[in-house]
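The block underneath contains the structure these notes are about, expressed in structure tokens.
The values are calculated or read from the model by the stated rules, or taken from the named source; none is laboratory data. Computed from a predicted model, the values in this text were never measured in an experiment. Please note: Cβ atoms are built from the backbone with ideal geometry, for glycine as well, and neighbour counts cover all protein chains shown.
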2 protein chains.
Amino acid sequence: MALIVHKYGGTSMGSTERIKNVAKRVAKWHDAGHQIVVVPSAMSGETNRLIALAKDIMPQPDPRELDMLASTGEQVSVALLSMALQSIGKQAVSYAGWQVPIKTDSAYTKARIQSIDDQRVRRDLGEGKIVIITGFQGVDDRGNITTLGRGGSDTSAVAVAAALKAQECLIYTDVDGVYTTDPRVVTEARRLKTVTFEEMLELASLGSKVLQIRSVEFAGNYKVPTRVLSSLTDPLMSLEEEANSGTLISFEEDTHMEQAVISGIAFNRDEAKITVLGVPDKPGIAYQILGPVADANIEVDMIIQNQSVDGKTDFTFTVPRGEYAKAMDVLNKSVREHIGAGSIVGDTKVSKVSVVGVGMRSHVGIASQMFRTLSEEGINIQMISTSEIKISVLIDEKYMELAVRALHKAFDLEKA
Amino acid sequence: MALIVHKYGGTSMGSTERIKNVAKRVAKWHDAGHQIVVVPSAMSGETNRLIALAKDIMPQPDPRELDMLASTGEQVSVALLSMALQSIGKQAVSYAGWQVPIKTDSAYTKARIQSIDDQRVRRDLGEGKIVIITGFQGVDDRGNITTLGRGGSDTSAVAVAAALKAQECLIYTDVDGVYTTDPRVVTEARRLKTVTFEEMLELASLGSKVLQIRSVEFAGNYKVPTRVLSSLTDPLMSLEEEANSGTLISFEEDTHMEQAVISGIAFNRDEAKITVLGVPDKPGIAYQILGPVADANIEVDMIIQNQSVDGKTDFTFTVPRGEYAKAMDVLNKSVREHIGAGSIVGDTKVSKVSVVGVGMRSHVGIASQMFRTLSEEGINIQMISTSEIKISVLIDEKYMELAVRALHKAFDLEKA
């Protein structure tokens with residue numbers, strides 16, 4: 001008997017029929033003797049419907065009122081799921097975030113969880129009840145409703161699992177796990193049975209988008225074993241089979257000793273490259289370039305500054321393609337003359353490809369094998385950026401699929 | 001400058017366009033220097049949509065979960081109205097019932113308000129904010145969300161007005177006030193500028209359905225001056241004109257000294273009459289007849305038991321027509337033989353007509369004038385029941401309109 005947290009996304013909760021299926025799955029776990037807490041998202045489409053109502057009233061709604069509005073979507077979900085469980089003979093009780101309470105800071109629409117009181121939930125679990133808690137939301141210390149931002153239900157689920165010291169947090173979603181790369185690009189892509197949370201962080205931020213990145217950070221900080229698995233399977237499939245499906249995000253390094261050095265190949269098509277040429281190499285220059293870009297709310301991804309020659313250097317970074325024009329505008333208006341740079345050049349037809357794996361920490365030669373593979377395919381590398389468990393390169397977008405396939409093969413990722 | 005509570009029904013809140021109109025009206029009152037608290041209902045159709053989702057999951061949903069679900073409708077409304085006020089330059093803040101808090105008992109789906117904390121609201125009003133509070137709901141002392149039942153937003157508004165000692169509670173609705181009778185039956189029906197709360201109670205319970213009856217009781221108990229007025233007027237109409245429109249439910253008896261003896265003619269088509277014949281006249285007999293009827297959840301309206309003759313009497317009461325068959329069944333199965341009554345007879349083609357007015361307390365001859373008027377029209381009276389401010393008769397339903405028109409004229413109700 002264990003305490004387990006289930007999280008179901010909006011698609012799984014998309015209709016009363018689907019909610020009944022979620023109830024069947026949850027009941028199966030409860031029947032097996034486990035204590036179950038469920039964190040469901042709003043029914044698919046509901047959050048968008050609510051936001052559309054708000055935008056219809058004013059283009060930039062007040063964040064506090066937006067949270068007041070948007071949080072109702074999950075409240076509807078928990079009540080309906082509780083009813084669905086009761087309709088098949090289970091004792092169930094639903095709570096909004098403020099009732100638990102899940103305490104957050106006051107950063108409306110992007111609040112951060114500060115603490116979760118487990119008393120009420122533990123008492124209910126002890127009485128044999130299934131507890132259902134709204135995802136995506138909490139309450140600040142003045143009693144205002146806050147939301148954690150899009151995808152925040154993943155974070156809620158992991159945080160609840162951490163607070164309850166749950167044995168596992170199961171994130172049911174519409175993919176059946178984390179793959180070595182996108183199966184639409186490489187048909188031989190293989191589902192990983194486990195990844196470390198650091199790998200998951202890199203894979204998520206590089207575009208795998210299986211889990212909200214903040215939930216992975218949370219899982220990492222609190223060492224919550226978190227499993228990503230499919231909600232599209234038969235809800236009455238064998239529990240043992242289900243419990244071992246998907247991909248487990250693990251925190252035990254030694255489980256990886258026998259594993260491949262590289263876990264996966266991530267990629268991102270949505271990159272645009274900007275280079276500020278002839279930048280004087282002096283303290284504070286990076287801030288003077290990127291400060292105005294950040295102030296314009298433009299997210300920066302890769303950043304590279306090379307060794308200077310004759311007191312001048314070139315400063316390159318990438319931004320989402322949709323922000324390229326805005327970023328160029330900011331740089332030309334507020335930065336170039338101010339810092340005494342030469343010209344500014346850019347390219348929107350670039351993609352990023354990364355090899356990710358905790359294994360590379362203890363293995364030399366990963367970078368050289370990556371570069372050799374790309375070279376053999378005739379692919380020019382425009383930028384390189386590395387971390388302890390990741391090597392990313394920026395290449396011409398037309399070679400992206402080729403690069404991913406070649407690297408997937410070179411690192412033997414199709415083999416278990 | 002006064003503190004005023006506005007209440008808007010679901011139709012007034014039915015779309016973002018209409019919510020913007022509500023905001024314009026509220027802003028007009030605030031511009032005139034008043035402190036304004038608004039209690040809106042859920043957008044029309046929303047509560048029904050939520051209940052339908054619940055029924056889709058199980059026919060008899062758990063009341064606690066039903067309240068968790070249904071309360072979201074009003075939360076959506078308050079957030080949208082707050083945004084609409086902000087979009088026209090007003091400071092506004094929305095609260096759910098639990099945030100005020102509005103404390104209730106734990107009778108889910110039909111909770112009663114126990115207390116309202118005015119501290120948070122007063123602070124906001126003092127800062128120049130317009131405060132928007134969810135109708136229909138509160139929180140019990142264990143932190144569970146409760147709802148007050150259908151139409152509960154009227155009660156919320158009056159209760160908030162009582163807690164804040166508001167100068168007036170304005171209930172904006174889709175009728176423009178309380179009439180001497182239904183204008184669809186008597187074209188000369190006249191809008192009353194004021195009614196006493198006792199008259200309003202009788203008029204509401206007799207089918208005027210302008211205000212939820214519990215809200216009128218609340219207004220009476222706490223002496224909250226409550227005005228029913230139209231939400232269909234131009235939101236920018238002159239404030240002075242608007243403030244004097246509709247019907248004021250008043251608590252000052254002397255304002256009625258010059259008024260007509262009778263305030264209005266109420267009626268109810270939905271009546272069925274049941275008579276238990278030859279009932280032994282002994283203690284406890286009324287309870288033995290009506291106990292099983294009440295246990296079957298059948299609402300009883302008029303009850304008449306006449307003087308007994310030879311130790312036997314006839315016991316007559318009325319029920320809603322939809323409950324007639326069920327009531328007859330209960331009586332025949334569980335009551336007749338048990339109490340040693342004769343037969344049971346009934347009639348579903350009856351209507352109730354009542355004259356209502358606090359003035360009749362101090363005027364004799366109202367009953368006789370009523371009976372004479374009906375007699376002159378050849379209408380037979382089947383049952384009579386009286387209270388201090390009301391005389392009701394049961395008649396053949398085919399004479400109902402005739403009776404209402406004749407009484408309206410006989411009591412000069414078309415004249416101000």
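Across the stretch A:1-46, what is the number of residues that are closer than 26 Å to residue A:150 by Cβ and without any contact (Cβ under 8 Å) to a residue 40 or more places away in the chain?
As a first pass, look at the stretch A:1-46 and keep what is closer than 26 Å to residue A:150 by Cβ: A:4-19, A:21-23, A:25-26, A:36-46.
Next cut, without any contact (Cβ under 8 Å) to a residue 40 or more places away in the chain only: A:10, A:14-15, A:17-18, A:43-46.
The total comes to 9.
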* Would you pick out the residues in the stretch B:337-358 that are surrounded by 18 or more Cβ atoms within 10 Å (Cβ to Cβ) and under 28 Å from the mean Cα position of the chain (by Cα)? -> B:350, B:351, B:352, B:353, B:354, B:355, B:356, B:357, B:358
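Is the stretch A:23-31 home to any residue that is out of contact with any Leu (no Cβ under 9 Å at 6 or more places or on another chain) and at the interface with another protein chain (Cβ under 9 Å from one of its Cβ atoms)?
Residues of the stretch A:23-31 out of contact with any Leu (no Cβ under 9 Å at 6 or more places or on another chain): none.
There is no residue in the stretch A:23-31 that is out of contact with any Leu (no Cβ under 9 Å at 6 or more places or on another chain) and at the interface with another protein chain (Cβ under 9 Å from one of its Cβ atoms).
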* Asked: In this structure, does residue B:14 turn out to be under 23 Å from residue B:87 (Cα atoms), surrounded by fewer than 22 Cβ atoms within 10 Å (Cβ to Cβ), assigned by TED's automatic domain parsing to the domain that holds residue B:76 and not β-branched (Val, Ile, Thr)?
  -> yes
* To do: Determine whether the stretch B:356-370 contains at least one residue that is at pLDDT 90 or above, farther than 16 Å from residue B:272 by Cα and not in a helix (DSSP H, G or I).
  => yes
* Asked: part of a helix (DSSP H, G or I), at pLDDT 85 or above and not acidic (Asp, Glu): does that describe residue A:374?
  -> yes
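For the stretch B:151-161, indicate whether the set of residues that are over 13 Å from residue B:5 (Cβ atoms), in contact with a strand residue (DSSP E or B) (Cβ under 8 Å, 6 or more places away or on another chain) and touching a residue at least 40 places away in the same chain (Cβ under 8 Å) is non-empty.
Filtering the stretch B:151-161 for residues over 13 Å from residue B:5 (Cβ atoms) gives B:151-152.
Checking which are in contact with a strand residue (DSSP E or B) (Cβ under 8 Å, 6 or more places away or on another chain) leaves us with B:152.
This time we only want the ones that are touching a residue at least 40 places away in the same chain (Cβ under 8 Å), so: B:152.
There is at least one residue in the stretch B:151-161 that is over 13 Å from residue B:5 (Cβ atoms), in contact with a strand residue (DSSP E or B) (Cβ under 8 Å, 6 or more places away or on another chain) and touching a residue at least 40 places away in the same chain (Cβ under 8 Å).
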* For residue A:119: the one exception among (1) within 14 Å of chain B (Cβ to nearest Cβ); (2) crowded, with 17+ Cβ neighbours inside 10 Å -> (2)
* Residue match in the stretch B:136-146 (condition: within 13 Å of chain A (Cβ to nearest Cβ), surrounded by fewer than 24 Cβ atoms within 10 Å (Cβ to Cβ) and in a helix (DSSP H, G or I)) -> no
* Structure fact -> Within the stretch B:232-244, residues being hydroxyl-bearing (Ser, Thr, Tyr) and modelled with pLDDT of 95 or more number 1
* Asked: So which residues in the stretch B:217-234 are surrounded by 18 or more Cβ atoms within 10 Å (Cβ to Cβ) and of a type in the set (Phe, Trp, Tyr), if there are any at all?
  -> B:218
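Listed residues B:7, B:28; which is at pLDDT 95 or above, surrounded by fewer than 19 Cβ atoms within 10 Å (Cβ to Cβ) and not aromatic (Phe, Trp, Tyr)? Can you show your working first?
Working: B:7 fails: surrounded by fewer than 19 Cβ atoms within 10 Å (Cβ to Cβ).
Selected residue: B:28, the only one of B:7, B:28 that is at pLDDT 95 or above, surrounded by fewer than 19 Cβ atoms within 10 Å (Cβ to Cβ) and not aromatic (Phe, Trp, Tyr).
Could you list, in sequence order, all residues of the stretch A:379-389 that are assigned to a loop (DSSP other than H, G, I, E, B) and either among the polar types (S, T, N, Q) or out of contact with any helix residue (DSSP H, G or I) (no Cβ under 8 Å at 6 or more places or on another chain) (or both)? Lay out the reasoning, then the answer.
Residues of the stretch A:379-389 assigned to a loop (DSSP other than H, G, I, E, B): A:379-382, A:388-389.
Within the stretch A:379-389, A:380, A:382 meet the criteria.
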* Structure fact -> Among (1) within 11 Å of another protein chain (Cβ to nearest Cβ); (2) in contact with a strand residue (DSSP E or B) (Cβ under 9 Å, 6 or more places away or on another chain), residue A:133 falls short only on (1)
* Tally of residues being in contact with a strand residue (DSSP E or B) (Cβ under 9 Å, 6 or more places away or on another chain) and surrounded by fewer than 21 Cβ atoms within 10 Å (Cβ to Cβ) across the stretch A:359-368 -> 2
* Within the stretch A:115-124, is even one residue within 20 Å of residue A:47 (Cα to Cα), in contact with a helix residue (DSSP H, G or I) (Cβ under 8 Å, 6 or more places away or on another chain) and either in the same structural domain as residue A:214 (by TED's automatic domain parsing) or in contact (Cβ under 8 Å) with a residue 12 or more places away in the chain (or both)? -> no
* Structure fact -> By my count, strands (runs of 3 or more DSSP E) wholly in the stretch A:211-319 with at least 2 residues that are under 27 Å from residue A:168 (Cβ atoms) and either without any contact (Cβ under 8 Å) to a residue 60 or more places away in the chain or not polar (S, T, N, Q) (or both) are A:226-230, A:247-250, A:264-280
* Asked: When the stretch B:42-62 is examined, which residues are found to be more than 8 Å from every other protein chain (Cβ to nearest Cβ) and either polar (S, T, N, Q) or over 28 Å from residue B:173 (Cα atoms) (or both)?
  -> B:44, B:47, B:48, B:55, B:59, B:60
* **Single residue of the stretch B:68-103 satisfying the filter (surrounded by fewer than 24 Cβ atoms within 10 Å (Cβ to Cβ) and among the charged types (D, E, K, R)) that is nearest to the other protein chains (Cβ to nearest Cβ)** => B:90
* Asked: Do you know which residues across the stretch A:390-416 are assigned to a loop (DSSP other than H, G, I, E, B) and crowded, with 20+ Cβ neighbours inside 10 Å?
  -> A:411, A:413
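Please enumerate the residues belonging to the stretch B:98-123 that are in a helix (DSSP H, G or I), within 15 Å of residue B:164 (Cβ to Cβ) and of a type outside the set (A, V, I, L, M, F, W, C). Explain how you work it out, then say what you get.
Step one: filter the stretch B:98-123 for residues in a helix (DSSP H, G or I), giving B:98-99, B:119-123.
Next, from what is left, pick out any that are within 15 Å of residue B:164 (Cβ to Cβ): B:119-123.
Within the stretch B:98-123, B:119, B:120, B:122, B:123 meet the criteria.
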